Each structure stands twice: as C-alpha cells, then as structure tokens.
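Student: Let me begin by handing over the structure; questions about it come next.
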Amino acid sequence: MILVRTVDSSTRRDTRTPPRPQKTFSSLIAGSWLLTSVLTSQPVAAAEPGMPPVCSAATFAAGTAPAGCSITLLANGHNDVKINLTAETKPIEIAGYTVTTDNYNGDYLTPIVEAQPGDTVEANIVNTLRPRPHDGMPAGEHDWNPTNLHFFHGGIVTPRNAWPKPAEEGNGDNIYVYLRSDKDPKVTKNNFDLTVPIPGAYELDARVLEDEEAGFISHPLGLNWYHSHMHGISSTQVMGGMSGLLSVGDATANVKAACKTASPSSSKCLNDVAKDTDDLKSKTKVYYALLRDISLKTLSKRPDVPGSGTAEWDPTTVDFPQDTRCSAWDGKSLSDNPAFRLGFCQRDPGTAWLFTLNGQRYPTIHVKKGENLLVRMGNVSSNVGYDLELTEKGNAPPLQLTVLSLDGVVPGRPLAPDQANTPVAALSYPDILLMPASRAEFYIRNDETVHEEWHYVLRTRGIRDIGNDEWPEIQLAEIVLEKNDKTSEVKVALNSLVAKPPSIFVSMQRFGSRLAEFATPRFLAAEEEHSSGCMRDLNPGSNEYRRVTFFDDSVTPQGFTADWNIKTEIIQPTSPRKNENDQTSDAAATIGPLPFEAYDNGDGTINWNNPKHVCIHIDHASVNGGHKQLWVLRNGTGTLHNFHIHQMKFRLATRKELEDQYNIDVDTSVGSCSPPTLYKCFDDLNTRVGDPKTAPIFWHDTIPVPPGSRVFVVMSFDAKEQIGRFVFHCHILKHEDKGLMAPIEVWGKP
Amino acid sequence: MKNRISILCVGVGALALSAGTSVAADTHVIVATDDLQWSYNGQKSQLITVGDLKKGDIVEIQVPDKLTFAHGFITINTGPPITTTEDPVLKCGEAGGPKEKTAVLKEDCAPGAASQFGLTFKGSMKLIVTDKFKNDVPFWCVKHKGIMRGVLKLQIPTPR
C-alpha cells in the first residue's frame, strides 16, 4: 500500500523548450547512464550504484540479459520470459560488506523481469539453501530451510491451483508450493517451474477495477515484484535478498504527455500527444530501485568508512521498539542527529542496520540537463516502511514527487477508448509512504526550467507514533539535477487504463481460449467445486460485508502458540445507520480468531477441510457475490499492520458507500484512524472536487491498518485469473511469519 | 469515535490516608475502549493525563465486558527505552512486604482476591493513591503498550 499527500501538479512551473533528440530505451537500460559520485558536504557518499540486470525480450536480443534469462516465442505470438532463481546461502556484497545470506543466484542485485501483457513469465526456482534454525515456522521442518515463490506480487494472475487439484501442485503464482533444500533431493523435491500468463490486450475482466460498462482491460502496466513467501521464515529470506522486481510493460510504459486543451471543458488536444509522449520517453532515464534493508552484526569496519569489510547477517533483529535510538557517526562518535544517517544507523558500534538502494548505501544519482528521471522503486523490505520525500540542498527549490503509478496500477478507473486522451494530470506529492511491498513510479524532471545545479536528498522521514514498532529517519540517496539550459511546455499525464466493450470477435476469442484452457474434465470440475472447509460467501442481496480483525496472542487447537491471529466475520448490516461495531455478525459464519498455523499440516500442505476458511463464489449469472465486496479491516493490536491480498487490487471505500449501502456511521467507526493523520481509512469522496470518473482513485494491494482503527476497502473478485487458492495476510513479514495470515479460496464461473 | 463516556469522577467519601487530614476522596475512572484509547473525563486519547489526583483518591481502571479486545494496566519507566515496572504499586497479596513503605499506589483488594495489576482483565481494578505519591506515574495498557499510554499526576495546589 502506498499513501500519499496531495498537492495538485497544476502549480508546477511553466516552461518551454524544443524537444531533445531521441535516445532509445534499450540504451538506457543497458547502462549507458552512469550514476557517479559527486562532491557533497556529507561525510561519505557511495560510488556508482549498479542497477539490477533486466531480463526482457529487448535485453535478450541485445545480449545484455543476465545469466539464466531466456526468451521463447509462444504460439500466441507473445513471449515466455523466463528466469532461473537458485535459492542459496552464499556471500554477497552489500554496501561495502561481504555478508553471507540466503539469496538468489548469489547476488543482491536480483534480475528484473520485464514482460508485456499477453506474455508469460516463468521462473525455475531451485532450493539449495543451507539448513538454518529459525525462530519462526512452528509447524514446519525448519532445518530443511524450505522456500517457495510468490512470483507475481501485484498481478491479477492465476495461481493455477483450484480445487480439487492439490493446492501445492499449481504451477501459477502459487505460494502453496513447498520446496525443501537439497539435503536429500531423492526424497524431497527441491525445484519447481512457475509459469504465469499475464492477461493480454483486453483479456482481463474490467470489473476487477470496477468498470461496470466497458468489458475488458489489459493487465495494468506498472511495477510488481516476486519474493519468497515461506510462512514462518519469509522475513528472513526476503531480508537476505530473495526478492526482485517484475514490470508489466516497458520501463517507460507509463510515461505520457498530457493533452493540452484550450479550456478545461474541451476534449480536443492542441498538441500531438503521441509525438510529445515519444519525446518525453526519449529523454527519460530509468532508475529501477530495490529499496532494501538488512541488519548486520560483527562488523569489521564502520558502515561510513569506505572500502571493503565483513559482517554477519542478523536476520533475527527485526524490531525498532518505540524510542529506540539508532545512531550514526558524526566524525567522532555515534550521534542521534538523523542527518548523519546516510543509508545506515547503529544501536552500538558492533552492529548496523543498512538501508540501501540496489545494495548501495547512499548512492548519488545524476540527471543530465534536458533529461528526466523515472524512479521505479519497490519497497522490498521485509518489515520496514519508508515515508519518502525529496529535501532540497543549497539553492535548490522544493521539489515534489510526481507519481505515475502506485502498486503497479495507474491511478483512476478505466477509461473508454474515446476518452483515452482525456487530460488526467499526473499529481505531485510532498511525500509518499511506501509500506513494505509497495511500489511506485515517480518522475523527476530536469527539462522544464533553466537552472544551476540542484541537489536533493531522497530520504525517509521516519515513521513514528504508530504503535509498538517504528521506523527511523534515514537519508537514502542524493539526486543531482545537473545545470540545465532547456525548457519544455510538455506536461506529464497519467497513462490511464483503457477498457473496451467485448466485441463479438473478442468474446469469441476469449471464449475459445477458455475452452482450450478448461478442456479437461478436471479443470471443468475445478471451476465448479470447492473444498469442504469453505465458509459461505457474502450475500449481496442483503448488503453483507466482511470484517477482518487482527488480534495478538493465541494458541491453536493443535497447541501452537502464535503472536498474531485473524478473525473473519460476515456482517449483516441493519438500519438505522450505526457504529460498525454494533452491526450484527452472523455467528455461524465466523472464523477464528486463528493464526495460519491452525491450517498448516506441518509438512508443506494445508488443511482445507478444518478449520473453515474464507471462500469467494464468482458466478455472475446468479449470485454476483464476488463483485465489489466491502472488507472492513480492524486492528485490535497495539502494532501497525499492513494488509495484503493476492491476485487482487482494492481501493478505499467511499463515505457514501459506507453510509448508504452498509448503514455504517463512518465518523464513529474509524477508531483511532481519523484524518488528519498519516493514514486514510476511507475515501471521503464527498469532499473531492472533480469528475469521479477521472478522480485519482488509488488501487492498492497492500494498505496500512493502524492500531485501534478500521480501514474500509472494496475489492472485486470477477476474473477467471482469481480462481484458486491463495492468502491474505499482514505484509510486515515478521507478523505474517508468526500467524497473521489466512487462506482464501475462490471458485465459480466468472 | 465520538461516543463519549460521561465524567465519572465520583466522590466516594473515603478517608484520605494522610495522617491528620480528612479530605473527601474522589474516584477517577479510566475506561479502556475498543478504539485502543483511554477514556477519562469525557475525553478519549491514546495518551491521557489524569492530572487532578489527591492523596487518598481512587484511580479505577475499567475494561467493559462487552469489549472485543483485551486490556490491562501497568506502570512504566519512560526510559528510553520504556520498561514496565511494578515498583510503584502495592499489589493484592503484597501487604506487609517491602513495598508497603514505598508504594505510591495500592491495589484495592477484596480479601483473598488475586491481583489484576499487570494482567489483562475484564471489569474493574481500583488503585488507591497513597501518601507516598509525589512524582508523575506513567502507565500503559499491558496489551497495547505504547499506543495506549497515560500518566497519573497530583493536582497542582491552587495558589492562595
């Protein structure tokens, strides 16, 4: 989940300049732009940061793809983009230290997958991790150091594991795969191929993003990621580096020039949008950024001292208790002044927590004159949230972050084809909260105004007063906008999704592809059946909604003790409008409170029969129950949590929906989460100016749920890609590992 | 949440513990809520101040039965780092022990009753302000810790 503070970009500076000569994107991602260090007043700045290698059709053709990347042309004319990921316990280089962690391919710079809608992404995952005692995983065999792969965090893609197929055998985006390390590969499987088709041009049911009229969209263009999802030890494995970025669409796919109109009511563009967009893309430098942190001990050198050193990985140190100091060297001693925290902080001289971009501590990123910087950043941290902002240095003016996409989706609802050039301005924000697992594309221009060299610090403001854990203020990188003598009148727009009605041709094509896909009797059965542990779904006829409550402390029926657990209820709202707490819960449809351990058989399989689990029934012809479900997320613990659900995008519910449709008195129900705080718990559209069709509705796959609050979200289960078995959980992975996760099963006939 | 809990400072007529004085004692009721806030004197907050205590007063912590979430009460040292401490409170069953002479709060116990201090509970727990009470006493919910904090303070004497 990403939260933003709003400032309309209409106040941006007016500029004018002729366009620069074009430069191809492939030359950019091949590394033609170097990030060099600069002289700064800061104590130490890291040297040139390298970006992770990109596995795509373009880099494969250019010969710059990383080892293990392969491209295969498929019968449908699209590509299969494949990477090999070997999970291994090997030394890697992180910000001047050689550290042995659990990682992929012996490298902290894991490959970026770039694929197009219609392509298939494939990962061969092999587990050769060393056995490791783990604090988590009470129900598993930790000595085997098992792993798996959530190959498409953020994708509306299939897990391919619908009932009655064994959940662990699905070869889509399936986190129930269980791979032990190769201690005895003759007995246990230690490798697996995950093959995930990305819905192509107008193949995805547009109702998943609530387009009620238009029919079909392509898979949203934006930044997603892949990572280990092994319950009990996911925090450890992701912190070690077992993650990477996954882009749907080219890196600059969401860079778009705005349509300039004579008046706000006019729809005729005075400029050539396509030409301006090409020009903008040609002068866009792409910076993929893996935002990671790792805790180290037994340091052989101070983090701020240049040169190489060694350290030990300390994956069990994952907490920032309230009021804990985390210091940095001011030249003589450890200081609490956050200005000295250049990509690290220390609680004592022998340990450190590193906060890196692409494994580099406090890198410097240069943007040449007339060029713009597109930062495609994923917070792939296990547990840490970042509230990002740019702070100016010297004579540089304040600069905000212009957001092109959040959590892999361009904000807004899908537009009809004839509205594709509707001017939807990209918005700028003074700060962007990137919770763990969130991604953002933000655009920094250096082609608009004539200026001297400007310096900015990209930093996290720190996140405090959020409960029993908090995150420090850290300076992450320096961005240098070199002296510029160019100007430009081109404005940046949102590359809004376009939806199309289902033409006869598309319908037949879709029908045909479904016939081929579901031709086997087994798959037909999978569409129509569910496991015996299914709890009934919501009844849309009586406006039922789901309440999901997070508790702490629990003991399962099997006797496992967990730190966290989840209760799910089906609520039957009645009039008059009342506090959400006072709405009626169907006692027969309540699950838990339970931790994930209650479902875990301890051998890599899940009990789908007992206890009951959340089930969603998609059947547009009869019940329509999966469409626009209200989920009320309630946090009864003293700690911030970060709700996430797979194969899904959701948005905040509006005040009007909550009051009119569900009889919820919003103001007395949000609890401790009431504006103006860092968080939003619902979307108060009553106060928003503008056309709701083009208003910046943000789609998320994670969202923070502050202690004592309720967060109201709407999600739609409408697409065949969502059928199968997956999970919802807290994406602060140390919480997920200790119980805060629940299974979910989606079945039916979309 | 705007549901207000009414002011519940009730004079109970208890005798002040201060030797030689006879001042009507008040009961200061702090109520835990499902919003993970404390409610006191009609105000709800994640950081409350009970700033009008007198020696002999009673601080009553209530956790209503109907609440979804568990709560409890324990005193803390503010650090950093923050740590819990039982030193300021003479718990049920500790009468006659070393804390008898130092405790600034005394748990009000029925004969043989177990202490609720430092534990989650439903219902009510009463703490009597002893004549040792001088400095502020910070506390938090045993379950929700930093998100539900507060401080107990003596009333500032009105200048004559």
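Student: Applying the selection to region B:118-140, what residues are in contact with a Ser or Thr (Cβ under 9 Å, 6 or more places away or on another chain) and buried (at least 23 other Cβ atoms within 10 Å of the Cβ)?
Tutor: B:Val137, B:Phe139, B:Trp140
Student: Of the residues in region A:617-629, how many are within 17 Å of A:Leu209 (Cβ to Cβ) and assigned to a strand (DSSP E or B)? First the steps, then the outcome.
Tutor: Filtering region A:617-629 for residues within 17 Å of A:Leu209 (Cβ to Cβ) gives A:618, A:620, A:624, A:626-629.
Next, only the ones that are assigned to a strand (DSSP E or B) stay: A:618, A:629.
Of the residues in that region, 2 qualify.
Student: Tell me which of these B:Leu67 doesn't satisfy, since it passes every other one: (1) farther than 21 Å from A:Ile466 by Cα; (2) surrounded by fewer than 14 Cβ atoms within 10 Å (Cβ to Cβ); (3) within 11 Å of chain A (Cβ to nearest Cβ).
Tutor: Unmet condition: (2).
Student: Going through region A:631-644 one residue at a time, which ones are more than 14 Å from every other protein chain (Cβ to nearest Cβ) and either buried (at least 23 other Cβ atoms within 10 Å of the Cβ) or assigned to a loop (DSSP other than H, G, I, E, B) (or both)?
Tutor: The answer is A:Asn642, A:Phe643, A:His644.
Student: Which residue is modelled with the lowest pLDDT, if the candidates are limited to region B:22-42 and must be touching a strand residue (DSSP E or B) at 6+ places or on another chain (Cβ under 7 Å) and surrounded by fewer than 18 Cβ atoms within 10 Å (Cβ to Cβ)? Working first, answer last.
Tutor: Filtering region B:22-42 down to residues touching a strand residue (DSSP E or B) at 6+ places or on another chain (Cβ under 7 Å) leaves B:24-33, B:35-40.
From what's left, surrounded by fewer than 18 Cβ atoms within 10 Å (Cβ to Cβ): B:24, B:27.
On the way: B:Ala24: 84, B:Thr27: 96.
Among them, the one singled out is B:Ala24.
To keep it simple, each residue is scored yes or no on (1) under 22 Å from B:Val142 (Cβ atoms); (2) within 14 Å of chain A (Cβ to nearest Cβ).
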{"site": "B:Ser45", "(1), (2)": "yes, yes"}
{"site": "B:Gly72", "(1), (2)": "yes, yes"}
{"site": "B:Ala95", "(1), (2)": "no, no"}
{"site": "B:Glu107", "(1), (2)": "yes, no"}
{"site": "B:Ala114", "(1), (2)": "yes, no"}
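Student: Let me ask something else about it. Restricting to region B:59-83, what's the tally of residues that are modelled with pLDDT under 95 and in a strand (DSSP E or B)?
Tutor: Number of matching residues: 2.
For every residue, the table says whether it meets (1) under 23 Å from the mean Cα position of the chain (by Cα); (2) surrounded by fewer than 24 Cβ atoms within 10 Å (Cβ to Cβ); (3) outside the structural domain of A:Val126 (by TED's automatic domain parsing); (4) without any contact (Cβ under 8 Å) to a residue 12 or more places away in the chain.
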| site | (1), (2), (3), (4) |
| --- | --- |
| A:Asp173 | yes, no, no, no |
| A:Arg180 | no, yes, no, no |
| A:Leu204 | yes, no, no, no |
| A:Ser235 | yes, no, no, no |
| A:Thr261 | no, yes, no, no |
| A:Asp272 | no, yes, no, yes |
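Student: Considering only residues that are of a type in the set (Val, Ile, Thr) and away from every other protein chain (no Cβ under 14 Å), look in region A:556-589 and name the one that is farthest from A:Ile664 (Cα to Cα). Please lay out each step first, then the result.
Tutor: Residues of region A:556-589 of a type in the set (Val, Ile, Thr): A:556, A:561, A:566, A:568, A:570-571, A:574, A:584.
Going one step further and asking which of them are away from every other protein chain (no Cβ under 14 Å), we end up with A:556, A:561, A:570, A:574, A:584.
On the way: A:Thr556: 32, A:Thr561: 35, A:Ile570: 15, A:Thr574: 9, A:Thr584: 12 Å.
Restricting to residues being of a type in the set (Val, Ile, Thr) and away from every other protein chain (no Cβ under 14 Å), the top hit is A:Thr561.
Student: For region A:457-471, give me each residue that is under 22 Å from A:Thr364 (Cβ atoms) and buried (at least 22 other Cβ atoms within 10 Å of the Cβ).
Tutor: Within region A:457-471, A:Leu458, A:Arg459, A:Thr460 qualify.
Student: All but one of (1) in a loop (DSSP other than H, G, I, E, B); (2) surrounded by 20 or more Cβ atoms within 10 Å (Cβ to Cβ); (3) within 14 Å of another protein chain (Cβ to nearest Cβ) hold for B:Gly56; which doesn't?
Tutor: All conditions are met except number (3).
Student: Still on this structure, please answer the following. Surrounded by fewer than 20 Cβ atoms within 10 Å (Cβ to Cβ), at pLDDT 95 or above, in a loop (DSSP other than H, G, I, E, B) and not polar (S, T, N, Q), is that true of A:Pro398? First the steps, then the outcome.
Tutor: On the way: surrounded by fewer than 20 Cβ atoms within 10 Å (Cβ to Cβ): yes; at pLDDT 95 or above: yes; in a loop (DSSP other than H, G, I, E, B): yes; not polar (S, T, N, Q): yes.
Yes, satisfied.
Student: Do you know which of the residues in region A:313-353 that are assigned to a strand (DSSP E or B) and surrounded by fewer than 17 Cβ atoms within 10 Å (Cβ to Cβ) is farthest from the other protein chains (Cβ to nearest Cβ)?
Tutor: A:Ser335
The values are calculated or read from the model by the stated rules, or taken from the named source; none is laboratory data. Owing to the predicted nature of the structure, the values given are computational and were not obtained by experimental measurement. Cβ atoms come from the backbone with ideal geometry, glycine included; neighbour counts cover every protein chain shown.
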